[in-house]
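Right, one structure below, let's go through it.
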Amino acid sequence: MVVAFHYTALRGGWGRPAHEVFPHLEIVTRYGWTGVEVFFLISGFVICMSTWGRSLGDFVVSRACRIYPAYWVAVLLTAGVVALWPQVRSVKNWDVVLTNLTMLQQGMGVWDVDGVYWTLFAELKFYVLFAIVVASGVTYRKCVLFCGLWTVASVIAPSAHIKLLDIWAMPLFSPYFIAGIAFYLMHRFKPTALLWGIVGLSLLLALHGVPKRVADNADGVVPTWPATLIIVFAFVLMALIANGALDRVQWRWLATAGALTYPLYLLHQYIGMTIIYGLRDHVPATLLVGALMAVMLGAAWLMHRCVERPLGKRLRTALLKGMEEMRRESAAPGAPGAGRSKGPAALRESLPLLKEPRRYDQPEPDRVGAAKSSDGA
């Protein structure tokens, strides 16, 4: 959805309005940015699932190994392409590139090397917020409380005029993360009126933000109802998945497709638009876009096989070793707090026969830039 939006609904590398290049297709693909909202909805589900029964250290290692290896390579590749062919986007200086490698550039007021990276900062903020739950042990009750508190903060943020609250509450996108968490609780336990209430409220709050998102991503005035229908459909589909209606769908290619989405997302925008700029006068537009999508999928597969897998594995090993060293040093005799008497919680953990049984000991598997801002980049 996002790739189609960037290649066929933005001026990008075409040098003229996309509706002139794709007069019929653009009517549909101009709503492809909603793929970001769908991604956030899925993220809430998956992150809640993957943290159950895991420690905070495990969570940090898991997320770092998942998002950073491909991202580092994508930043360097994109920077190299736009430095050599700066027709679509240019790199001001290499300090910007180095800062982008942290994935924290937005917090420091530094431009993204590629326009899609803004969503990764939103995802990082979600990780930081949910880490509060993970640090204390993920439970049904804590997840529901987290959803409630985040919803309240998101509702208050727009009128509170407190920048820090608005930054962390993310009122435009928090409903998707929150609904995803509630859907996972339905999936793990069972649907209840409380969980449906969280989902229903999140859907209404999400739809409230749709007109602004449409305006941010459209060239001119366009209808908002198609974006509304896409969001509603995404919620309905997630509800079916959460409640087991699609359990029989076990197509093996879906796992491969899912693995390619992240590297495809990282690579496609400015590299793709630069290629479009170079070939637009030599290849028919439809053929160019189709071939470019195929090439980008191939590049995503190579990124997954040659970067994500091996580098992610090495990074995981190194980080786990560092975590283990930190735990060992903290528990060593003479370390601060090592000789203190055990409190009730620590005493309970040291007595296996008195330990409460838990159901979740086993860990489970693991703006698109506005049209205006993208055009002006």
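None of PHE233, PHE173 is out of contact with any His (no Cβ under 6 Å at 6 or more places or on another chain) and either open to solvent by 50 Å² or more (accessible area, probe 1.4 Å) or at pLDDT below 95 (or both) except PHE233. So which residues in region 305-339 are at pLDDT 50 or above, open to solvent by 60 Å² or more (accessible area, probe 1.4 Å) and in a loop (DSSP other than H, G, I, E, B)? If the condition is that a residue be at pLDDT 50 or above, open to solvent by 60 Å² or more (accessible area, probe 1.4 Å) and in a loop (DSSP other than H, G, I, E, B), then PRO333, GLY334, PRO336 are the ones that fit. Candidates in region 193-230 are the residues that are farther than 24 Å from ALA169 by Cα and exposed (fewer than 14 other Cβ atoms within 10 Å of the Cβ); of these, the one that is nearest to the chain's Cα centre (by Cα) is LEU229.
In region 321-339, the residues that are farther than 15 Å from ASP58 by Cα form Cβ pairs under 9 Å with partners that are modelled with pLDDT of 75 or more, at six or more places apart or across chains, as follows: ALA335/GLU329; PRO336/SER330; GLY337/SER330; ALA338/SER330; ALA338/ALA331. On the basis of being assigned to a helix (DSSP H, G or I) and open to solvent by 10 Å² or more (accessible area, probe 1.4 Å), does GLY290 make the cut? Considered against the rule, which asks whether it is assigned to a helix (DSSP H, G or I) and open to solvent by 10 Å² or more (accessible area, probe 1.4 Å), GLY290 comes out as yes. When VAL88, VAL73, VAL96 are checked against the criterion of being touching a helix residue (DSSP H, G or I) at 6+ places or on another chain (Cβ under 6 Å) and either in a helix (DSSP H, G or I) or of a type in the set (Lys, Arg) (or both), VAL73 stands alone in meeting it. The set of residues in region 47-79 that are β-branched (Val, Ile, Thr) and open to solvent by 40 Å² or more (accessible area, probe 1.4 Å) comprises VAL60, VAL73. Among the residues of region 32-46, those that are of a type outside the set (Gly, Ala, Ser) and open to solvent by 10 Å² or more (accessible area, probe 1.4 Å) comprise VAL38, PHE39, ILE42, PHE45, VAL46. For region 1-21, a residue qualifies if it is in a loop (DSSP other than H, G, I, E, B) and open to solvent by less than 10 Å² (accessible area, probe 1.4 Å), and exactly one does: LEU10.
Among the residues of region 36-61, those that are modelled with pLDDT under 95 and small (Gly, Ala, Ser) comprise SER50, GLY53, SER55, GLY57. Looking only at region 144-160, decide whether some residue is modelled with pLDDT under 95, assigned to a loop (DSSP other than H, G, I, E, B) and among the aliphatic types (A, V, I, L, M). No, there is no match, as no residue in region 144-160 is modelled with pLDDT under 95, assigned to a loop (DSSP other than H, G, I, E, B) and among the aliphatic types (A, V, I, L, M).
The values are calculated or read from the model by the stated rules, or taken from the named source; none is laboratory data. What you are looking at is a predicted structure, and each value in this text was computed from that prediction instead of being measured. Counting neighbours? That spans all protein chains shown, and the Cβs are built from the backbone with ideal geometry, glycine included. We work out accessible area using only protein heavy atoms, side chains counted, and drop any ligands, DNA or RNA first. Shrake-Rupley method; radii C 1.70, N 1.55, O 1.52, S 1.80 Å.
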